[in-house]
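Chemist: First the structure, which I've put down as structure tokens, then a few questions once you've had a look.
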Amino acid sequence: MKDPYRKDGFRTPHPSRLPVDHPYYEEIIRRHTAACDDEAMGYLDPVTGLFAMTAIYLADRPCCDRGCRHCPYVGADDVTGEDS
């Protein structure tokens with residue numbers, strides 16, 4: 001399986017999508033990591049019960065501009081060093 005993770009791991013969402021001080025941060029990261037390890041499309045959010053797609057799943061698609069928590073395109077200029 002191709003690994004689209006950037007140097008920060010993609011396992012941690014951009015802080016604008018999930019602040020590190022979010023009360024369920026650790027649980028969300030745990031669920032996202034488990035879903036990625038299982039090559040699943042996503043996981044159930046522990047707060048809302050809504051389905052959240054993983055960064056791996058989203059990386060195979062163009063950005064939809066819907067504010068996905070694990071969007072691999074948010075802050076992409078921080079990763080590549082290029083301005084977008």
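Coordinate-derived values only; no laboratory data. Not measured: the values here are computed from a predicted model. Counting neighbours? That spans all protein chains shown, and the Cβs are built from the backbone with ideal geometry, glycine included.
Chemist: How large is ³J(HN,Hα) for each residue in the stretch 56-71, as worked out from phi by the Karplus curve 6.51 cos²θ - 1.76 cosθ + 1.60 (θ = phi - 60°), to whole Hz, x for Gly and Pro?
Modeler: 4, 4, 5, 5, 8, 10, x, 5, 9, 6, 9, x, 4, 4, 9, 3
Chemist: Skipping prolines and chain starts, which residues have an amide H placed within reach, meaning under 5 Å, of the one on Gly42, given they are 5 or more residues away or on another chain?
Modeler: Thr54
Chemist: Using a simple spin-label model with points 7 Å from Cα along the Cα→Cβ vector, what separation in nm is obtained for Ala34 and Cys63?
Modeler: 3.0 nm
Chemist: Let me ask something else. Using a cut-off of 14 Å between beta-carbons, work out the net charge of the residues near Ala34 (Lys and Arg +1, Asp and Glu -1, Ala34 not included).
Modeler: -3
Chemist: Taking neighbour Cβ counts within 10 Å as the exposure measure, how do Met53, Met41 sort from fewest upward?
Modeler: In order of increasing Cβ crowding within 10 Å: Met41, Met53.
Chemist: Ranked from highest to lowest mean number of other Cβ atoms within 10 Å per residue, what is the order of the peptides 32-38, 43-49?
Modeler: The most tightly packed comes first, giving 32-38, 43-49.
Chemist: Would you kindly calculate the mean projected area, averaged across all directions, of the convex hull enclosing the Cα atoms of the stretch 1-73, in square nanometres?
Modeler: 4.7 nm²
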